[in-house]
Amino acid sequence: MSDITADQARLDAARRSQSRINLLLSLTLLGLLVLLWAVLAVSTRTFLTEINVTNLMRQAYLVAILAVGQTFVIITAGIDLSVGAVIGFCSVILALLLKAQVAIPVAILLTLAMGAAIGAFHGFGIVQLGLPPFIMTLATLTALRGVGFLITNGNTISGLPDAFTAFAPSSFLGIPSLFWMVIVVAVPSYVFLHHSRWGRYLFAIGSNPEAARLSGINVPRMIYVAYILSAFLAAVAAVLATSRLSIGTQNTGQGLELQAIAATVIGGTSLFGAVGSIYGPLLGSFLLTTIANGANLLNVNPFWQLIITGALIILIVYFDQLRRRR
């Protein structure tokens with residue numbers, strides 16, 4: 001009994017230490033973000049205008065929501081490369097349902113259910129078939145793109161109901177509705193990850209899945225939960241993207257899986273598992289969006305954005321390796 005108590009005390013101390021590290025990293029990111037805003041405010045006359053700030057919030061929503069979903073998976077030491085393709089596929093499904101005059105709430109619910117089903121399929125491949133998460137989600141990325149193009153024959157689906165497309169450009173209390181959706185996603189995700197036993201289970205699996213199993217955690221079930229949440233949030237992003245673009249197309253979300261992973265890693269989530277937060281990836285997504293927005297305002301070659309993002313990932317992962325060695 002004393003050994004168990006000592007182990008629990010060490011585990012609690014490690015959690016408190018990791019929480020302080022996450023908070024410090026998030027404060028560093030926040031400071032970097034504020035500094036970047038200050039530099040851009042001085043360098044350009046349009047950065048802090050109401051129009052640009054509103055556009056900034058509208059541009060960040062997609063990567064932010066995907067990064068939250070990606071966090072659940074990466075904390076378990078997994079990866080989900082399919083989220084961009086899930087957006088495109090769910091966009092096509094939603095547009096087809098709306099064109100078939102299915103009621104908007106029903107069409108949205110069916111699309112979200114489709115996203116959850118894709119996540120469950122990922123969990124099946126990883127847990128039951130024993131496939132590595134990288135291979136499983138990479139295969140789904142390719143397959144979903146192909147299925148979407150087969151369904152639409154490569155065409156876009158337009159003529160969606162005005163009641164649906166009117167949501168994306170709308171605002172509430174002067175804040176874009178798309179940004180409110182980030183908050184709607186982030187708050188319950190924060191509670192789930194940081195203030196529930198299921199969140200603690202995900203951290204435990206990422207740290208040592210065998211020890212988690214021996215402690216009574218249903219590891220396969222939690223793997224399912226992580227991938228279902230990731231794909232479900234990708235479906236949420238698909239609904240919002242379809243509303244904003246007013247069309248359904250398989251090309252929607254192309255390349256966003258890499259941006260989501262970049263925002264998650266820059267936000268402090270360790271690719272080795274067991275380390276991460278919800279607020280960190282959100283800050284990471286807004287940092288990447290600010291870099292892209294500032295580069296456009298300054299007429300900087302867009303390829304520099306890719307170089308800066310890659311350099312940030314290398315730097316963050318390097319420091320994460322140093323922390324793990326200590």
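The values are calculated or read from the model by the stated rules, or taken from the named source; none is laboratory data. Worth saying up front: this structure is predicted, and the values here are computed from it rather than measured. Because the Cβ atoms are built from the backbone with ideal geometry, glycine has one as well, and the counts that use them run over all protein chains shown.
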Quiz item: Among P161, P132, which is touching a helix residue (DSSP H, G or I) at 6+ places or on another chain (Cβ under 7 Å) and not β-branched (V, I, T)?
Solution: P161
Quiz item: Any residue in the stretch 152-159 that is free of Cβ contacts under 8 Å to residues at least 60 places away in the same chain and either under 30 Å from V275 (Cα atoms) or touching a Cys at 6+ places or on another chain (Cβ under 7 Å) (or both)?
Solution: no
Quiz prompt | Tally of residues being surrounded by 16 or more Cβ atoms within 10 Å (Cβ to Cβ) and farther than 17 Å from L256 by Cα across the stretch 132-142 | solution = 2
Exercise. Looking only at the stretch 100-115, decide whether some residue is touching a Pro at 6+ places or on another chain (Cβ under 8 Å), assigned to a helix (DSSP H, G or I) and surrounded by fewer than 20 Cβ atoms within 10 Å (Cβ to Cβ).
Key: yes
Exercise. Within the stretch 277-292, identify whether any single residue is of a type outside the set (G, A, S) and outside any helix (DSSP H, G or I), and answer yes or no.
Key: yes
Quiz prompt | Residues located in the stretch 42-52, provided they are in a helix (DSSP H, G or I) and either surrounded by 15 or more Cβ atoms within 10 Å (Cβ to Cβ) or in contact with a helix residue (DSSP H, G or I) (Cβ under 6 Å, 6 or more places away or on another chain) (or both) | solution = N52
Quiz item: Do we have any residue at all in the stretch 166-175 that's under 24 Å from A113 (Cβ atoms) and not in a loop (DSSP other than H, G, I, E, B)?
Solution: no
Exercise. Would you check which residues across the stretch 97-132 are touching a residue at least 40 places away in the same chain (Cβ under 8 Å) and farther than 21 Å from I228 by Cβ and list them?
Key: L98, K99, I104
Quiz prompt | Residue in the stretch 77-99 that is surrounded by fewer than 19 Cβ atoms within 10 Å (Cβ to Cβ), hydroxyl-bearing (S, T, Y) and part of a loop (DSSP other than H, G, I, E, B) present | solution = no
Self-check item: Residues of the stretch 236-254 satisfying the condition of being within 12 Å of V83 (Cα to Cα) and in contact with a Cys (Cβ under 8 Å, 6 or more places away or on another chain)
Solution: A238
Quiz item: Does F232 count as modelled with pLDDT of 95 or more and among the aromatic types (F, W, Y)?
Solution: yes
Quiz item: Does R213 qualify as being over 24 Å from the mean Cα position of the chain (by Cα) and in a helix (DSSP H, G or I)?
Solution: yes
Quiz item: Which ones in the stretch 160-201 are surrounded by 17 or more Cβ atoms within 10 Å (Cβ to Cβ), without any contact (Cβ under 8 Å) to a residue 60 or more places away in the chain and closer than 27 Å to I51 by Cα?
Solution: S177
Quiz item: Which ones in the stretch 205-233 are more than 17 Å from Q70 (Cα to Cα), touching a helix residue (DSSP H, G or I) at 6+ places or on another chain (Cβ under 8 Å) and either buried (at least 21 other Cβ atoms within 10 Å of the Cβ) or acidic (D, E) (or both)?
Solution: A212
Practice problem: Working only within the stretch 192-207, note down all residues that are within 18 Å of G78 (Cα to Cα) and modelled with pLDDT of 90 or more. | Solution: L193, W198, G199, R200, Y201, L202, F203, A204, I205, G206
Quiz item: Taking into account only those residues within the stretch 216-234 that are in a helix (DSSP H, G or I) and over 20 Å from the mean Cα position of the chain (by Cα), which is farthest from F272 (Cα to Cα)?
Solution: R221
Practice problem: Of the conditions (1) surrounded by fewer than 16 Cβ atoms within 10 Å (Cβ to Cβ); (2) in contact (Cβ under 8 Å) with a residue 40 or more places away in the chain; (3) more than 25 Å from I217 (Cβ to Cβ), G146 clears all except one; give me its number. | Solution: (2)
Self-check item: Residue check for L66: surrounded by fewer than 24 Cβ atoms within 10 Å (Cβ to Cβ), under 19 Å from the mean Cα position of the chain (by Cα) and within 14 Å of T264 (Cβ to Cβ)
Solution: no
Quiz prompt | Which listed residue is within 27 Å of V34 (Cβ to Cβ), in contact with a Pro (Cβ under 9 Å, 6 or more places away or on another chain), touching a residue at least 60 places away in the same chain (Cβ under 8 Å) and not in a loop (DSSP other than H, G, I, E, B), from A260, A295, A237 | solution = A260
